[in-house]
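Here's the structure we're looking at; comments come further down.
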Amino acid sequence: MINVIELFAGVGGFRLGLEQNKAFKVVWSNQFEPSTKKQHASEVYINKFGSNNHNCNDIAKVIEEDFDEIPPFDLMVGGFPCQDYSVARTLKNSSGIQGKKGVLWWSIYEILLKTKNKPKYLMLENVDRLLKSPVMQRGRDFAIMLASLSDLGYIVEWRVINSAEYGMPQRRKRVYIIAYKNNCKIGKSILKLKEPTDWICKNGTMQNAFPLKSFQEGLIPFKIQGNLEEITNDKINFNQKLRPFGNVGLMIERNVYTDSAIPDYSGPYTRLKDILLPEKEVPQDFFISTSELNKWAYLKGAKKELRTASNGHQYHYSEGPVTFPDDLEKASRTIITGEGGRSPSRFKHVVKTRSGKLRRLTPIELERLNMFPDNHTEGATDAKRAFFMGNALVVGVVKKLADELAIKN
């Protein structure tokens, strides 16, 4: 059994993907939203999985005051927010590195630092821009993450996965990161490889789950140099022009092997129309009235116009069109947190029914696009349910990664 703790749990996407495989069991979870008094996502999580071993307090407070509450675990998972990962200062007495207040990557780091028997694995998810942030030091934030994990004894692989390119119903591109303790079974097998790139190109966890092709041969590694503060201030190796990290990679002892490649998939595809409810089951609130159509068409259409800012400054604004209504024969566009609500929007999905009516997507359909069970978020408002799905990951991606990890464990 692989015991799991789930951080930044949201409404439990990681748990849903992992526990479809009987090798995994979530033994502790944490979900806290600092911007609201009512913990809506945590309430959904408890409703579906129960309150046992679930914590809905600020993770920083848990680490500082209630760390003993976290049970022993083999795998840490979490979809943490993409923020500024810069190092603020070095703590005295060699007690580690502290990042800026509220930067949640450092909560992950602190848990690993304080855990005596460090977990064998980490599985993390983030937006793909993590690989090239911040703008003025492209790749610095990811380099800080890699270096800090390496210093804790981990080998790290990553892959940018667009779920639709592997047959799933939504075009959602995210970077997935798996770290292996270098003394665990998988870590040892990676260290024994004559060609480390064989792991990412041939038979590694991610390559088996989400194959890529068109790799370059003979990848020349580069090494992440310096302590975490020095990496933070490095504007030579991490600058506005460089793109040091490709969409696939592996790091061993700070040596980075990375490349860009394309998906190798020939299986079935799920289209937007495949997840839609029958028209008769859709509440009337989701249909767009004739009086609103012009507003929707304007927001979805191409624009090139003179606008005036709040300070009186005039500027030329332009943007291209968005498909309206959405193409039913393809995977859906990416769900965003503002998907809910009746007001017209450029970014909300709109589909055309067989009877010719236009409507927004229902919460159940948004859940299906992330491969959640129907009505997983039931009990919250429609707007909140849409918000949850805009923040969620695609459960099918986690399931495939979990299945491969279980095989190699």
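No value in this document is a laboratory result; all are computed from the given coordinates. The structure presented is a predicted model; accordingly, all values stated were derived computationally and were not measured. When we count neighbours, we look across all protein chains shown, and the Cβ atoms used for this are built from the backbone with ideal geometry, even at glycine.
In percent, what relative contact order does the range 289-366 have, based on Cα pairs under 8 Å that are 6 or more apart in sequence?
25 percent
Does anyone have the angle between helix 40-49 and the longest principal axis of the chain? Alpha-carbon axes, 0 to 90°, nearest 10?
Relative to the chain, helix 40-49 is tipped by roughly 80 degrees.
Which loop-located GluC sites (Glu not before Pro) does the range 303-380 contain, where loop means any DSSP state but H, G, I, E or B and the Cβ has at most 13 other Cβ atoms within 10 Å?
Glu329
Which entries in Lys120/Lys408; Lys116/Lys181; Lys22/Lys202; Lys132/Lys304; Lys48/Lys118 show an alpha-carbon gap greater than 19 Å?
From Lys120/Lys408; Lys116/Lys181; Lys22/Lys202; Lys132/Lys304; Lys48/Lys118, over 19 Å: Lys22/Lys202; Lys132/Lys304; Lys48/Lys118.
So if I take the centroid of the Cα atoms in the range 268-346 and the same for the range 206-252, what is the distance between those two points in Å?
36 Å
Among the trypsin sites (Lys or Arg not before Pro) in the range 356-406, which ones are in a DSSP loop with at most 16 other Cβ atoms within 10 Å of the Cβ? Mind listing them?
Those satisfying the criteria are Lys357.
Can you give me the Rg/Rh ratio for the chain, using Cα atoms for both radii and the Kirkwood formula for Rh?
Reported Rg/Rh, Kirkwood definition of Rh: 0.98.
What aspartates and glutamates could a cross-link reach from Lys235, if we take a straight Cα to Cα line under 16 Å and drop same-chain neighbours fewer than 8 places away?
Within reach: Asp84, Asp141.
At most 16 other Cβ atoms within 10 Å and a DSSP loop assignment: could you name the trypsin sites (Lys or Arg not before Pro) in the range 204-248 that fit?
Lys235, Lys241
Cα to Cα, under 19 Å, and not fewer than 8 places away if on the same chain: which lysines meet these conditions relative to Lys280?
The reachable lysines, counting only those whose Cα sits under 19 Å from Lys280, are Lys352, Lys357.
For a quick check, take a GNM of the chain with Cα springs below 10 Å and name the residue from Leu124, Leu113, Leu146 with the largest mean-square fluctuation.
The residue with the greatest mean-square fluctuation here is Leu113.
Taking Lys194 as the anchor, which aspartates and glutamates have their alpha carbon closer than 20 Å to its alpha carbon, excluding any fewer than eight residues away along the same chain?
Here the aspartates and glutamates satisfying the reach criterion relative to Lys194 are Glu157, Glu217, Glu253, Asp259.
For Leu212, what residues show an amide H to amide H distance below 5 Å, using hydrogens built from the backbone and excluding near sequence neighbours?
Amide H neighbours of Leu212: Asp264.
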